[in-house]
Amino acid sequence: MSVSKKIKIACIFDNFFPKLGGEPIQNQTLVENLHNSEKFSPVVFPLMWEQGLDTNRFDFPVHPVRTYTKFPDDFNKVTPAILWDRAINLLRSKSIHRHLAAVDIILTDLHSAALIGAYYKNSLGKKLAIRFGGNVFRQGEYRHEIEDKYHWLKGYFFQIPARYAFNAADRIIVNGHDLHTELTDVGFDGGKIHIIPVGFSPDIFFPPPASHEELLVADNTPLRILFYGRITEANGPLQFVEIISSLLRQTDQTVAATVIGDGPLLYAMKKNAERQRLPITFLSRQSQKALANQIRAHQFCVFPFRKIGGVSSVITESMACGRIVFTTNSGDMANVIQDRVNGFLFPIDNPFNIANAIITVAKEQELQKTVSANAIESVRQDYTWPSVTEKYITVLSQLARS
């Protein structure tokens, strides 16, 4: 009986650092699942790492490109000089060059990792796949007066290497239909763009049987409301503060809100909440298991997104936990949330209407039961990591054979 040859894949990631959630967890889990599938032999090159962290914690080789004595807290504020420095470090490394010369596919996320992947795709004749979520070519459309000018200008800077990388890529993997449209609108070949959603771990986020009904809101029950994720303008943290403020003006019920995460607008968010004396508790990032417990401790998860791309994992994680999700039609949310069926969907920048809807839904226990059950079933088929991994295996296997 013949044994199939494993596909050798080099993963170059901007986002892989173990302490951070979101994209790093998506990248880590994806590589772990590709490795466990026994169809791929992955090796990972994180562009940033912290000294003292054990790379042997993973079951596959991990070779950090740049190691910091202490990982910078403001890791998002990378300058063009730092990005170029990371690229030079990788290009000059004979060991990494040797690894890349031996692989079948290079898989990257966006920005400097994709730029480096494109260089090696062209210089070594390798096949390149890029996965990403977020807006790249819509900076003007999404500019806002409150946006940090640095990040806005950085977005324009990132368009240059992004165009080079996307043109070089054999496959581009996005997590929403809106991103597919965004890329084809600026001239990229739609035939090489594949839509694969973000994944979540079903053993962590799916609730025990019937537990999604335990926290239904009754009269005089505190409204427990959760916002979590990166605290940036795109995710609408200041709009969340407005929603809590509006709730307190519209209802006599006790409101208890929680915010989990960090980011450039955390200070402004805290100050805004303190100035209005709002009942918001701020927590730092949580492990996946701790996060799932926090989600289940709240009836409503509120994400007033303003300009995200694709589908955020916070939506599918919250739905998997059976929570009632209130969000906007930013990104590709409308392809996940059916209004009043498995969640509640609003136009962008509608804090008053979201607050009003929360008060209305809190009075309708049967609607809560229905929406909660529908939310769980909506994400059971396509958004769990086993399902998402199979989609990646299909795309990457086809690329290896092409």
> Could you say whether any residue in the stretch 315-326 is touching a Gly at 6+ places or on another chain (Cβ under 6 Å) and within 30 Å of residue 105 (Cα to Cα)?
Replying inline: no
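Each row is one residue, and each column tells you yes or no for (1) crowded, with 22+ Cβ neighbours inside 10 Å; (2) in contact (Cβ under 8 Å) with a residue 24 or more places away in the chain; (3) small (Gly, Ala, Ser); (4) closer than 30 Å to residue 208 by Cβ.
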| site | (1), (2), (3), (4) |
| --- | --- |
| 248 | no, yes, no, no |
| 263 | no, yes, yes, no |
| 284 | no, yes, yes, yes |
| 290 | no, no, yes, yes |
| 295 | yes, yes, no, yes |
| 352 | no, yes, no, no |
| 356 | no, yes, no, no |
> (1) modelled with pLDDT of 95 or more; (2) buried (at least 18 other Cβ atoms within 10 Å of the Cβ); (3) hydrophobic (A, V, I, L, M, F, W, C): which one isn't true of residue 256, the others all being true?
Replying inline: (2)
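The values are calculated or read from the model by the stated rules, or taken from the named source; none is laboratory data. Keep in mind that what you see is a predicted model, and the values were worked out from it rather than measured. For neighbour counting, all protein chains shown are included, and Cβ atoms are generated from backbone atoms with ideal geometry for every residue, glycine included.
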